[in-house]
Each structure stands twice: as C-alpha cells, then as structure tokens.
Amino acid sequence: MRSGLFGTGEHEIDWQHAARPFDPEWRLYGRSTSDDKASIVAFLSAFDALKAAGRRPSVNIRVVWEGEEEAGSPHLAAILKAHRELFPPGLWLIGDGPVHQSRKPWIDFGARGTTSVEATIYGPVRALHDGHYGNWVPNPAAMAATLIAELRDDEGRILIPGFDAQVRPLTEPERAALAALPPVEDGLRREFAIGRSEGEEGLAASLMRPALNVRGLRAGQVGAAAANAIPTEAAISIDFRLVPDQTPEVVRARLEEYLASLGWTVVTAEPDRALRLAHPRIIRLVWETGYPALRSDMSTPAARAVIATASSAARQPVAVLPMMGGSVPIYLFKDIVGANVIGLPIANHDNNQHAANENVRLQNLWDGIAVYAAMMAELHW
C-alpha cells in the first residue's frame, strides 16, 4: 500500500496498523491488482456484504471466471458451445478495464477486437560495412521505416486501401454518448508529457475507429553497441485494434494485398538464397489469430436498467461509452450464447495496467463494491 501514484513523492503505508478510515487516495500495488483482481474482489465483497445484510438479489446470478483472456481465450468458444445449458443469454456484465480519465464511473457497451502480426524484412545475408556498401545494398532498417510510414500517417490514420470498408457507422445514440463525455485531453497531455495528440477528434471518439499500433521495432544496435554496418534484417511488431464489423481474416487479406501492390513478396517462412535473389523486397509475416469487436445495443431495456442502477449507486450520472478501446473476446458471449454484454469497469485510469507498478486506487475499489452490490440487489428491467 502506498499513499499515491508511484513516483509522485508518495510513501509506503503500514495499512495494517494505520488509523481508520483509510485515505481513499491510497493505492494497492502488485501484479494484476487492477486488471482484474480489483473487479473480482469487489464482486466477492459486494456479495458478502449483501449476504451479511440479509439482502436478497433482485436477479438470478451466475458467475463465470475465465483465466486465458490475455492469451486470446483459445478454449472459451469450445467451453461455451459444449455447456450451453450453463450459460443462459440474459445480461452479462464484464468487469474488465478502467473508468473514465475524469474518474467518473462509466459503462461501456463493448470492446474492440484485435489481431497482430510479426513482420521481418530481409537485407543482406551478413552485416556489411556501411562505408563500403551504403547507398548500394538496401538497408532493412530504412525499409522498415518507409513501410511503417506507408501503413499509417502521422495522425494515426491507416493508409491500407479498403481497410475500413467493413466498419459499422456509429448510431445517433452512440454519437450522443461520446459528445456527453467530459473532456480530458488537456489533462492527459500534461500527465503523459506529450506536446500533441494524434488527430483532432478527441480520445473517446478515436477509440471508435480501428487502429494500427507499432508496438515494437528492432534493427541493428544503438548507442555504445552501434556498429557502422548495414543490418541483415529488421523486425516490426504490429497490433491492429478492430471495430464492428471488421474481421481478422479481412484485415490480414487487406494488408497482404497492399504489401503486394507496394512490391513486397510476402512469405511465411525464412527465405532461402534463391528466393532472396529472385525478389527485391521480401517480408515474412507471422500472424496471431485474433478476434472481432463487439458493440452492444445501448437502447435495450437491460441497458437502460444498468445505466440507471449504476448512476444510483454512484449518486451521479455515469459516463457511457459505446465501446472501450481495449480488446476482450466478449463477442463470443453474444455470438454463441446470445447474451446482452455490458462492461462495468472499476479500476482507475492511471493503474499502469500491463506495466510496472500496477495499482488500484482504494476509492475505485470501494466504488466498485457499491456498484456491483447495486447490480445484484437493485437491478430490474
């Protein structure tokens, strides 16, 4: 337990001997404290509190724990299909993700899909002195940089032809929900120490469209390890965030068609000498399977009931997001089970999810307990 966000002058708390009540700004640190231990603990604590108070649930409750989400949930579809009798359609509430950057509680109605690819670009079979061979032997690091600029522009717009042809437009209620969100962009630029952001549409609206993220780039060496040599290859790691109604299969086809149009020969295995000699630009692609996005209907009776109940528990109108920016394979609950899927995240936005010093703010945990208790005891539609 620490008194605040790590690196901001905070200090460790001996919470077991600290005076009550605890400061709501204190934070618990540890792997997966927010993603997703916080929502699990909040649900269990809410259930225990209702039981201790003698409050009966207003709805039938079933709990599904699934521990392979970060690995793409490879067994979830088969389990849902094999045990349909255990999974009635109804309303499924998902506790993944953070709340709004303004700290305002929120509800989301889906998640983006994802797919990713590891790309390797090939140069000479051995590293070559760049004084003797530079300007003549193609440099795979430079080729990788050029290719990235041909895939996305400086504002994050994807340049692959036809990439967004399947994208389902937002509805009027979804656009209205985005417009109603409190602005957070100026504060986030200060928090992240960035002089600009990509595009002019705002953070929440940018999450409603597909994204191409260069999550890693490697070629040669830098700094003290740098050598005056042309490297043999360059590696690019890319993940795509998909929106309804895109599919990983079509995204893969669009990218490979575009690469071919740019003069690249796409391979799936290490090229041999004959292949290298026969083609001027060779790129090896290794794809992960991925999954599509989900955006649930915000106008159903269940959706309206969840918004009303969450707002009552929070004692203020909650923020509503048509779809969170992260990816979770919750489309399976709709496609296989026929469920109405709604996200009810509780973690703080600055939780360092998937990074060092992951944390959950105590007030977020307490708010989560309250809202999950309300969903179990006060939800009606």
At a Förster radius of 22 Å, what calculated FRET efficiency corresponds to the Cβ-Cβ distance of residue 148 and residue 257, to the nearest 0.05? 0.80
Under a GNM of the chain (C-alpha, springs under 10 Å), which listed residue has the highest mean-square fluctuation: 119, 224, 253? 224
Relative contact order (%) - criterion: Cα under 8 Å, at least six apart; region: segment 158-309: 23 percent
Cα pair distances of segment 1-72 binned at 5 Å [whole percent]: 3, 11, 16, 18, 17, 13, 13, 7, 2, 0
With unit charges on the beta carbons (Lys and Arg positive, Asp and Glu negative) and the dipole taken about the Cα centre of the chain, which residue among 165, 375, 134 sits farthest to the positive side? 375
Simple label model, 7 Å out from Cα along Cβ direction - residue 11 to residue 44, nm: 3.2 nm
Extension length gain for residue 68 and residue 221 (0.36 nm per residue less Cα distance), in nm, is 51.6 nm
In degrees, nearest 10, the alpha-carbon axis of helix 140-151 is tilted away from the dominant principal axis of the alpha carbons of the chain by 50 degrees
Net charge, residue 75 excluded, C-beta distance under 13 Å - Lys, Arg +1, Asp, Glu -1: -2
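Can you tell me which of 120-129, 101-110 comes out highest on packing, and rank the rest after it, using the mean Cβ neighbours within 10 Å?
Numbers: 120-129: 17.1, 101-110: 21.8.
The densest-packed peptide leads the list: 101-110, 120-129.
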Modelled label-to-label distance, residue 86 and residue 20, 7 Å Cα→beta-carbon offset: nm? 3.8 nm
Debye calc, one equal point scatterer per Cα of the chain, no solvent, log10 I(q)/I(0) at q = 0.10, 0.12 1/Å comes to -0.77, -1.02
Residues with beta-carbon under 13 Å from that of residue 47, excluding residue 47: net charge, scoring Lys, Arg +1 and Asp, Glu -1? +3
Give the angle, between 0 and 90 degrees and rounded to the nearest 10, that separates the Cα long axis of helix 248-261 from the longest principal axis of the Cα atoms of the chain. 20 degrees
Dividing the Cα convex hull volume of segment 131-186 by residue count, how many Å³ per residue is that? 124 Å³
So what's the angle, to the nearest 10 degrees on a 0 to 90 scale, between helix 38-52 and the longest Cα principal axis of the chain? 10 degrees
With θ set to phi - 60°, apply the Karplus curve 6.51 cos²θ - 1.76 cosθ + 1.60 along segment 291-298 and write out the HN-Hα couplings as whole Hz, x wherever there is a Gly or Pro. 7, x, 8, 9, 9, 6, 6, 7
With θ set to phi - 60° and the Karplus curve 6.51 cos²θ - 1.76 cosθ + 1.60, what are the ³J(HN,Hα) couplings of segment 195-203 in order, to the nearest whole Hz, using x for Gly and Pro? x, 7, 10, 6, x, 10, 8, x, 4
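Quick one: if you take sqrt(5λ) for each eigenvalue of the C-alpha gyration tensor of segment 188-238, what semi-axes come out, biggest first, whole angstrom?
Numbers: eigenvalues 218, 53, 11 Å².
Each semi-axis is the square root of five times an eigenvalue, giving 33, 16, 7 Å.
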Residues in segment 103-118 near a label at residue 180, defined as backbone nitrogen under 16 Å from the 7 Å Cα→Cβ point? 104-110
Per-residue ³J(HN,Hα) for segment 115-130, Karplus 6.51 cos²θ - 1.76 cosθ + 1.60, θ = phi - 60°, Hz, x for Gly and Pro: 7, 8, 9, 9, 10, 10, 10, 9, x, x, 5, 9, 5, 10, 4, 6
For segment 196-290, what percent of Cα pairs sit more than 16 Å apart? 70 percent
Can you pull the three principal axis extents for the Cα set of segment 248-356, in Å, largest first? 68, 36, 23
When the Kirkwood radius is taken over all Cα pairs of segment 316-381, what Stokes-Einstein diffusion coefficient follows at 20 °C and 1.002 mPa s, in µm²/s? 150 µm²/s
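Laboratory data are not the source of any read-out in this text; all were calculated from the coordinates shown. All values reported here derive from a predicted model rather than from experimental measurement. Cβ atoms come from the backbone with ideal geometry, glycine included; neighbour counts cover every protein chain shown.
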